[in-house]
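Presented below is the structure to which this report refers.
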Amino acid sequence: MPTVLVVDDDPALRLTLRRLLEKAGVEVVEAEDGQEAMRLFRANLPDLVICDLVMPFADGLQTIMRMRRSSPSVKIIAISSGGRSKAMDLLAVARQMGADHALAKPIERSHVDLIVDFCGRGSGGPTPRTL
């Protein structure tokens, strides 16, 4: 069973993603900030990380860079809602800093199937345009 680490300071979003991903047969580990995410990342070695970019303590960009250095092959999807244009700018930076893909919030139900599919594949996962 693939494992996904969901990193977001919004408990409602984490709960929603947990429920949808678990229904799809994915094990979910949750972190509310970048510090907790790194601890859980090392302990669980997830197949995929879904990481918010704007969080307290250690922001998502720092967290993504640390995860990428620690495990170059881990798949990472950055998420953000910082206003449509600001979110797109942040998501573009996240891609430059090591995220494989980026999604603007709100995460839609249709994205969950793509996330699950990406989690189960190697580098041949969905293209950024798909997500």
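The values are calculated or read from the model by the stated rules, or taken from the named source; none is laboratory data. Fair warning: this is a prediction, and the values are worked out from it, not measured in the lab. A quick note on method: Cβ atoms are made from the backbone with ideal geometry, for glycine too, and the neighbour counts reach across all protein chains shown. All accessible areas refer to the heavy atoms of the entire protein, side chains included, with ligands and DNA or RNA removed. Shrake-Rupley method; radii C 1.70, N 1.55, O 1.52, S 1.80 Å.
Things to note:
- Taken per residue, the accessible surface of the chain reaches 50 Å², heavy atoms only and a 1.4 Å probe.
- Helical contribution to [θ] at 222 nm, DSSP H n ≥ 4, -39,500 (n - 2.57), averaged over the chain, rounded to 500: -14000 deg cm²/dmol
- Accessible carbon and sulfur surface of the stretch 14-67 relative to its total accessible area, %, 1.4 Å: 48
- Largest to smallest in accessible area, the residues 118, 57 fall in the order 57, 118 (1.4 Å probe, all protein chains included).
- Against the empirical 2.2 N^0.38 Å (N residues), the chain has a Cα radius of gyration ratio of 0.92.
- Taking the Cα centre of the chain as origin and assigning +1 to Lys and Arg Cβ atoms and -1 to Asp and Glu Cβ atoms, the resulting dipole is close to 320 debye.
- Per-residue extension of 0.36 nm, minus the Cα-Cα distance of residue 12 and residue 92, leaves a gain of 26.3 nm for this segment.
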